[in-house]
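As C-alpha cells, the structure follows; a few thoughts come after it.
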Amino acid sequence: MKFDRHRRLRSSKSMRDMVRENHVRKEDLIYPIFVVEKGDVKSEIKSLPGVYQISLNLLDEEINEAYELGIRAIMFFGVPNEKDSVGSGAYDHNGIIQKATRKAKVLHDDLLIVADTCLCEYTDHGHCGVIDHRTKDVDNDKSLPLLVKTAISQVEAGADIIAPSNMMDGFVTEIRQGLDEAGYYNIPIMSYGIKYASSFFGPFRDAADSAPSFGDRKTYQMDPANRLEALRELESDLHEGADMMIVKPALSYLDIVRDVKNNTNIPVIAYNVSGEYAMTKAASQNGWIDEERVVMEQMVSMKRAGADMIITYFAKDICRYLDK
C-alpha cells in the first residue's frame, strides 16, 4: 500500500528549519512603552508583570535596552498628570508623548516612533473623544479636529508613524488631510481601523489609566461577533488613505487578520493586547506552561494568519529568545 511520507520534511531540526514557512523576526516587533508625567517613577503594572510605567527622567534606560536588543520600533502611551473634558494634553506641544518622542529621537535617530493618536488617556471621562452631554455619547465630528491636532503635534515632536486608535468615522481621511496640509506628506498612517470592543483590554486600562468613567466603548469599537464589518472598516480606511492596518486584539481574531491580509496589499499589524499578555504571564508564573515556547507559538500563529508586524509587550523577551 502506497502512502505519502510527510515526515520526511520533519526528520531533523535542520530540515524543519529549512522548510519553515513563517518566521518571527526582530524587525517585525513594535514595543509599547507607558510614559508617566510625574518624576522618578518606574512602577511595575500589577496586571502586566514585567511591564512598567516609566517617568521621562528614567526613560533612557528602557529605550536603550530595547534598542540594544534589536527593537527598532516603539509605541508610546502617555499617562499625564492632569486631564480634562477635551483631552488637551494629547495635542499639547509639551505633552508627555511629545516629550518622550523628542527624547527617544535624541537617543537613537533611526528608532521608529509610532504615535498612538487618541484622546482617551487625556480625557477626564476616559472616552476617545468629546462627549455630547445630551446623548452621553462621543460626538464623532467634534472629536475629529482634536485628533488632527494631536497627530500634527506628535509629528512635530518627531513621530515617524501616526497610529490613530479612536475608531471615529472619518478619522483616517481627516488626519491624512491635516497632515498633508501641514506639509507632512510622507508620514504614514497605521490605522487601528479594525478594533473590537474586547474584554482583553483590561490590563491596558490599568496601565494607561484610561478606563471610561461611565458607559463603555461599544458605540464606536466593533462588536466581537462581527466579521464582515471588519471588511467594511478596511475598505473605508483604504479609500481614506491608510498605509497600514492594525487588527486589535490578535489571538481571538486571527480569522480577521487573515481576512484583512487576503483583501489588501498594505502591511497588516496584529496587536497582541494586554489581556493576552497577562494570561500567558499568569499561566507561566504558576508553572502551567513553558512561557518561551507558548509566546513564540502565539507569535508564529499571528504571522501565519497574515500579520506582517506585531505590537506586543513580549517584544524584549522575544528578542532574547531569538538571540539564543
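Summary table
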{"read-out": "Enumerated helices (runs of 4 or more DSSP H) restricted to the stretch 248-306, each holding at least 3 residues that are within 14 Å of the chain's Cα centre (by Cα)", "value": "274-285"}
{"read-out": "Residue under evaluation Cys128, criteria (1) in a loop (DSSP other than H, G, I, E, B); (2) open to solvent by 10 Å² or more (accessible area, probe 1.4 Å), criterion not met", "value": "(2)"}
{"read-out": "Residue list for the stretch 264-316, restricted to those being open to solvent by 40 Å² or more (accessible area, probe 1.4 Å), without any contact (Cβ under 8 Å) to a residue 60 or more places away in the chain and among the acidic types (Asp, Glu)", "value": "Asp290, Glu292, Glu297"}
{"read-out": "Qualifying position, being of a type outside the set (Val, Ile, Thr) and over 30 Å from Arg25 (Cα atoms), among Leu111, Leu144, Leu58, Leu69", "value": "Leu144"}
{"read-out": "Long-range neighbours under 8 Å by Cβ, at least six apart or interchain, first residue buried (at least 20 other Cβ atoms within 10 Å of the Cβ) within the stretch 234-247, second at pLDDT 95 or above and among the aromatic types (Phe, Trp, Tyr)", "value": "Ile246/Tyr271; Val247/Tyr253; Val247/Tyr271"}
{"read-out": "Checking Asp141 against (1) under 22 Å from the mean Cα position of the chain (by Cα); (2) more than 18 Å from Ile246 (Cα to Cα); (3) in a helix (DSSP H, G or I), the condition it does not meet", "value": "(1)"}
{"read-out": "Residue in the stretch 21-28 that is farther than 23 Å from Ser153 by Cβ and in contact with a strand residue (DSSP E or B) (Cβ under 8 Å, 6 or more places away or on another chain) present", "value": "yes"}
{"read-out": "Lone qualifier among Asn57, Asn64, Asn81, Asn22 - being without any contact (Cβ under 8 Å) to a residue 40 or more places away in the chain and not acidic (Asp, Glu)", "value": "Asn57"}
{"read-out": "Flag if Ile318 is under 20 Å from Asn22 (Cβ atoms), in a loop (DSSP other than H, G, I, E, B) and in contact with a strand residue (DSSP E or B) (Cβ under 9 Å, 6 or more places away or on another chain)", "value": "no"}
{"read-out": "Subset tally (residues that are surrounded by fewer than 17 Cβ atoms within 10 Å (Cβ to Cβ) and in contact with a Leu (Cβ under 7 Å, 6 or more places away or on another chain)) for the stretch 153-209", "value": "1"}
{"read-out": "Complete set of residues in the stretch 254-263 that are without any contact (Cβ under 8 Å) to a residue 60 or more places away in the chain and closer than 17 Å to Asp243 by Cβ", "value": "Lys261, Asn263"}
{"read-out": "Search result, residues across the stretch 34-93 that are among the basic types (Lys, Arg) and either within 30 Å of Ile131 (Cα to Cα) or in contact with a strand residue (DSSP E or B) (Cβ under 8 Å, 6 or more places away or on another chain) (or both)", "value": "Lys38, Lys42, Arg72, Lys83"}
{"read-out": "Residue in the stretch 291-311 that is more than 24 Å from Asp17 (Cβ to Cβ), in contact with a strand residue (DSSP E or B) (Cβ under 9 Å, 6 or more places away or on another chain) and charged (D, E, K, R) present", "value": "no"}
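The values are calculated or read from the model by the stated rules, or taken from the named source; none is laboratory data. Note that the structure is a prediction, hence the values are computed from the model and not measured. Because the Cβ atoms are built from the backbone with ideal geometry, glycine has one as well, and the counts that use them run over all protein chains shown. All accessible areas refer to the heavy atoms of the entire protein, side chains included, with ligands and DNA or RNA removed. Shrake-Rupley method; radii C 1.70, N 1.55, O 1.52, S 1.80 Å.
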